[in-house]
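The values are calculated or read from the model by the stated rules, or taken from the named source; none is laboratory data. Everything numeric here is computed off the predicted structure, so don't read it as measured data. Ideal geometry is used to build each Cβ from the backbone, glycine not excepted, and the neighbour counts take in all protein chains shown.
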Amino acid sequence: MGTQNYRYVIVGAGLAGVSAAAAIRERDHDGTILLMGAEKHPPYDRPPLSKGLWTGAKNMAMISLHAPAFYDQDGITLALGRRAIGIDARHKTVLDSHGRRVRYEKLLLAPGGAPRRLPIPGEDLEGVCYFRTLDDYIHLREQAVQGRGAVVIGGGFIGSELAAALALSKVDVTMVFPSPYLCSRVFPEGLGRAVQRTYVERGVNVLAGDEPVGIARVRGRLRVRTRAGHEIDSDMVVVGAGIAPQTALAREAGLIRRDGVAVDECLRSSRKDIYAAGDLAAFPCLALGRRLRFEHWDNARAQGQCAGRNMAGRSEPYTHLPYFFSDLFDFGYEAVGDVDPRLETRCEWTEENRTGTVYYLKDGRVRGALMCNVWGKVDAARELILKGEPVRT
Ligand SMILES: Cc1cc2nc3c(=O)[nH]c(=O)nc-3n(C[C@H](O)[C@H](O)[C@H](O)COP(=O)(O)OP(=O)(O)OC[C@H]3O[C@@H](n4cnc5c(N)ncnc54)[C@H](O)[C@@H]3O)c2cc1C
């Protein structure tokens, strides 16, 4: 089988990869584009997997990133069910899981991240779900029947969303997580404890400040043992313990890595013809003045677009300020900038711990804002953070 040539090869047909392909096509009308995705489903949006598909706000038809005709019309070769397994950076080729080799002029790495495994016995038993993909959603949804039991491990972003989604499906949910309260990496303590109370009011059994030490199959069910001595029997265990960036290909290609793939402000890796974007990219965040990797939707979209434009000839720095959103039952929020609760926080509530904005300050300047059940204020918050003016006391 001969090696096929493409001007652009994109590894990962997720949000970053698809956004890059569209941005390339806007600037380069003829260059051949190969978009390679390991999953068999046409590219889709992940946020509804733990929210809208459970509440009914979204259905399967609504989660596609583009209509199928988009790829044909734009001359983007979409290769699904094809995993890149090797990169030869010297000869500029990518080898895929079907044994096919393609040659690129410019390569984008956008394979996202893989759920972190739990370092405990029984973590790989059947029925333990490391939630990330549409297939994971389909599988979990089949299991999530009224009256069944689930243990959700993790009290961060994915764990708290999935616990809410399962509770809405009338599954008996127990959450176990080591931090003292829910979403402790984002919420100041008062807010985190208040949101956690709403989980308890909705029937979720919350074991905060505890962690699983083992999982075993006992009489057909899964038993989770915790450090504090609890034993919880359930029908399913769902793990939301963060993700690890998929750096194996980058390592093989000899790219510099710092947590993810290290890129410059134009999202170029340590090899000038290879770019990285999305959950994988460790980038210098010009707006916040430090290098970071950001695992959220808006960043994947904006970085994909920026990388795509740069692959097609521009040298545009990525200046976008990090932003993300979530919904936990009827508590929705948007966050922009540095929302680290270790910073000084100031809350402006119209209803305490429910409706209002939390500002995160450093050296007397706003670095981040969390808008709780408040909508349409993101641009104003961005402006405030970027201005960096001292806040009056
Ligand atoms: C359940 C869930 C809910 C979320 N909800 C929110 C939310 O509410 N708000 C928010 O801001 N963010 C949310 N996120 C995060 C957001 O979806 C991610 O940040 C975003 O999807 C990252 O995009 P990406 O393109 O970098 O990676 P991904 O979306 O992971 O896409 C990468 C794709 O590359 C494929 N791939 C991997 N390796 C290879 C390979 N070797 N060859 C070919 N293909 C490969 C993968 O199968 C995958 O399809 C959520 C994530 C999940 C999982």
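A few comments on the model shown:
- Qualifying residue in the range 309-316 (condition: assigned to a loop (DSSP other than H, G, I, E, B) and under 24 Å from PRO245 (Cβ atoms)): yes
Quick grid of which residues meet (1) of a type in the set (Lys, Arg); (2) at negative phi; (3) modelled with pLDDT under 95:
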site	(1), (2), (3)
ARG185	yes, yes, no
GLY192	no, yes, no
GLN196	no, yes, no
GLU211	no, yes, no
ALA216	no, yes, no
GLY220	no, no, no
HIS230	no, yes, no
THR247	no, yes, no
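- Some residue of the range 125-134 being over 15 Å from the mean Cα position of the chain (by Cα) and buried (at least 23 other Cβ atoms within 10 Å of the Cβ): no
- Selection from the range 318-342 of residues that are among the aromatic types (Phe, Trp, Tyr) and in contact with a Cys (Cβ under 9 Å, 6 or more places away or on another chain): TYR318, PHE331, TYR333
Yes/no matrix, rows are residues, columns are (1) out of contact with any Ser or Thr (no Cβ under 6 Å at 6 or more places or on another chain); (2) closer than 20 Å to GLY304 by Cα; (3) outside the structural domain of ASP298 (by TED's automatic domain parsing):
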| position | (1), (2), (3) |
| --- | --- |
| ALA13 | yes, yes, no |
| GLY17 | yes, yes, no |
| ILE33 | yes, yes, no |
| LYS40 | yes, no, no |
| TRP54 | yes, no, no |
| GLY75 | yes, yes, no |
| ARG83 | no, yes, no |
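- Pair list, Cβ < 7 Å and 6+ apart or interchain, from the range 286-303 residues that are more than 11 Å from SER19 (Cβ to Cβ) and outside the structural domain of ASP338 (by TED's automatic domain parsing) to residues that are part of a helix (DSSP H, G or I) and more than 11 Å from the ligand (Cβ to nearest atom): ALA287/LEU386
- The requirement of being among the β-branched types (Val, Ile, Thr), within 16 Å of the ligand (Cβ to nearest atom) and over 22 Å from GLY14 (Cβ atoms) is fulfilled somewhere in the range 134-153, by at least one residue.
- When the range 1-49 is filtered for residues that are assigned to a loop (DSSP other than H, G, I, E, B), within 9 Å of the ligand (Cβ to nearest atom) and of a type in the set (A, V, I, L, M), the ones remaining, listed by number, are ALA13, ALA38.
- TYR333 meets all of the listed conditions (1) within 17 Å of LYS377 (Cα to Cα); (2) surrounded by fewer than 21 Cβ atoms within 10 Å (Cβ to Cβ); (3) aromatic (Phe, Trp, Tyr) but one, namely (2).
- Residues located in the range 274-315, provided they are of a type outside the set (A, V, I, L, M), out of contact with any Asp or Glu (no Cβ under 8 Å at 6 or more places or on another chain), away from the ligand (no atom under 16 Å from the Cβ) and farther than 23 Å from PHE157 by Cα: GLY289, ARG314, SER315
- Taking the criterion of being part of a loop (DSSP other than H, G, I, E, B), in contact (Cβ under 8 Å) with a residue 40 or more places away in the chain and within 13 Å of the ligand (Cβ to nearest atom), the residues of the range 50-93 that qualify are LYS51, LEU65, GLY81, ARG82, ARG83.
- On inspection, ARG271 qualifies as assigned to a loop (DSSP other than H, G, I, E, B), in the same structural domain as LEU108 (by TED's automatic domain parsing) and either of a type in the set (D, E, K, R) or closer than 23 Å to VAL339 by Cβ (or both).
Per-residue answers, yes or no, for (1) hydroxyl-bearing (Ser, Thr, Tyr); (2) assigned to a strand (DSSP E or B); (3) in contact (Cβ under 8 Å) with a residue 12 or more places away in the chain:
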{"site": "TYR181", "(1), (2), (3)": "yes, no, yes"}
{"site": "ALA194", "(1), (2), (3)": "no, no, yes"}
{"site": "TYR199", "(1), (2), (3)": "yes, no, yes"}
{"site": "ALA216", "(1), (2), (3)": "no, yes, yes"}
{"site": "ARG223", "(1), (2), (3)": "no, yes, no"}
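- The residue of the range 234-259 that is farthest from ALA282 (Cα to Cα), among those that are within 10 Å of the ligand (Cβ to nearest atom) and in contact (Cβ under 8 Å) with a residue 40 or more places away in the chain, is GLY240.
- Any hit, the range 356-377, residues being buried (at least 20 other Cβ atoms within 10 Å of the Cβ), in a helix (DSSP H, G or I) and not assigned by TED's automatic domain parsing to the domain that holds ARG185: no
- Exclusive hit being within 27 Å of PRO245 (Cβ to Cβ) and either out of contact with any Leu (no Cβ under 9 Å at 6 or more places or on another chain) or among the β-branched types (Val, Ile, Thr) (or both), set GLY56, GLY37, GLY14, GLY52: GLY52
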